[in-house]
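Structure record follows, encoded as structure tokens.
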Amino acid sequence: MDLQNKRVIITGAASGIGFRMARIFAESGSEVILSDIDEDKLNNTVKALENIGPPIYSYIVDVANQVEVQEMADDVLKNVGHVDILINNAGIGYSGEIVETSLETWKKLMDVNFWGALYHIYAFLPAMVEAKSGHIVNISSGQAFFRLPTWGPYATTKLALGGISELMQFEFKKFNIKVTTVYPFMINTGFYDEVEGETWGAKMSMRLLPYYSMSPESVANRIVKAIKKEKPVEMITIINNLGSVSRAISPLSNIVSVTSLYFLGKDPQDLKNDMERF
């Protein structure tokens, strides 16, 4: 796929891999449409990219708000034009055991990580079907392949997104709409800044993040290459391939889960105290 003159919308574009992808598309001659909930960061992103190539469009949108998403889509389709590539990149992180995770937290994770993507897909899908053209990219997570205690709620939302995205790949072919499902590994961005480790193991895993994570630039480049090649699935790293294979080997998968719980899990009494908050 030639990216020249392609119209691309990226959610969560104000920072991280969203910003890096926006730069790559802009430098490739694409017409970029950016959305994010953080107005200040998004404005800075627009300023950083506005002189690179074609015009840059931006929208302040809460992806968890269906009304805002639909209003943005309506404006884009009316005033900017048909969207060639939709990248559902926006997401939030969370670390915590299931018993200490409130239903409110579950809802927030699902609203942003799962429903946010679906809101965008359903907002732009009719125009893509009508045009018999389009490419949808859903950013899931490598956590979908691992059953890691303390990351269950987050991984569940990403597993749901990955599952529906891979199904779309087959169902949307009849409309000539391509779908790419991306499974990044740990990325050294501000995504994990709000993840506060409470145990020694959790704190160390966050402290050592820069040493075992991937750079946002390298991940963004791999995603854009996958889009150009119209790959149905982009695993990003062999670690995710190993995680996927481990699901078929119960003893191996169980060892990973037990080891993770040992290093990251909390004391039962601490969990009981956390449960009292809700």
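The values are calculated or read from the model by the stated rules, or taken from the named source; none is laboratory data. Since the structure is predicted, the reported quantities are computational estimates derived from the model, not experimental observations. A quick note on method: Cβ atoms are made from the backbone with ideal geometry, for glycine too, and the neighbour counts reach across all protein chains shown.
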Please verify whether the range 90-97 includes one or more residues that are of a type in the set (A, V, I, L, M) and not in a loop (DSSP other than H, G, I, E, B). no
Is it the case that the range 41-55 has a residue that's of a type outside the set (D, E, K, R), outside any loop (DSSP other than H, G, I, E, B), at pLDDT 95 or above and under 21 Å from Leu118 (Cβ atoms)? no
Output the number of residues of the range 252-278 satisfying the condition of being outside any loop (DSSP other than H, G, I, E, B) and among the acidic types (Asp, Glu). 2
Enumeration of residues in the range 140-170 that are surrounded by fewer than 24 Cβ atoms within 10 Å (Cβ to Cβ), more than 18 Å from the chain's Cα centre (by Cα) and at pLDDT below 95: Arg147, Leu148, Pro149
Conditions (1) outside any helix (DSSP H, G or I); (2) out of contact with any strand residue (DSSP E or B) (no Cβ under 7 Å at 6 or more places or on another chain) -> Pro126 fails only (1)
Glu68 versus (1) at pLDDT 95 or above; (2) farther than 12 Å from Phe124 by Cα; (3) surrounded by 14 or more Cβ atoms within 10 Å (Cβ to Cβ); (4) touching a strand residue (DSSP E or B) at 6+ places or on another chain (Cβ under 7 Å): which is the lone unmet condition? (4)
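Being part of a helix (DSSP H, G or I) and exposed (fewer than 13 other Cβ atoms within 10 Å of the Cβ) is the filter here; which residues of the range 229-251 pass it? Lay out the reasoning, then the answer.
Of the range 229-251, the ones part of a helix (DSSP H, G or I) are 238-246, 250-251.
Scanning the range 229-251 gives Ile238, Val245, Ser250, Pro251.
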Those residues that are within 21 Å of Arg222 (Cα to Cα) and of a type in the set (Val, Ile, Thr), I need them from the range 127-159; list them, please. Ile136, Val137, Ile139
Across the range 151-183, what is the total count of residues that are of a type in the set (D, E, K, R), more than 30 Å from Glu198 (Cα to Cα) and either free of Cβ contacts under 8 Å to residues at least 12 places away in the same chain or assigned to a helix (DSSP H, G or I) (or both)? 4
Residues being polar (S, T, N, Q) and closer than 24 Å to Val112 by Cα: count how many of those fall in the range 22-40. 1
Is one or more of the residues making up the range 231-247 within 21 Å of Leu167 (Cβ to Cβ), among the charged types (D, E, K, R) and modelled with pLDDT under 85? yes
Flag for Met128 being more than 22 Å from Glu234 (Cβ to Cβ) and modelled with pLDDT of 95 or more: no
What single numbered condition from (1) at pLDDT 95 or above; (2) closer than 24 Å to Gly162 by Cβ fails to hold for Gly93? (1)
Would you check if His82 is outside any helix (DSSP H, G or I) and touching a strand residue (DSSP E or B) at 6+ places or on another chain (Cβ under 6 Å)? no
Filter result (without any contact (Cβ under 8 Å) to a residue 60 or more places away in the chain and part of a loop (DSSP other than H, G, I, E, B)) within the range 3-27: Gln4, Asn5, Ala14
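Is it the case that Glu194 is modelled with pLDDT under 95, farther than 18 Å from Asn138 by Cα, surrounded by 14 or more Cβ atoms within 10 Å (Cβ to Cβ) and among the charged types (D, E, K, R)?
No, not satisfied.
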Out of Val137, Val129, Val99, I need the residue that is surrounded by fewer than 17 Cβ atoms within 10 Å (Cβ to Cβ), in contact with a helix residue (DSSP H, G or I) (Cβ under 9 Å, 6 or more places away or on another chain), under 24 Å from Leu77 (Cα atoms) and not basic (Lys, Arg). Which one? Val129
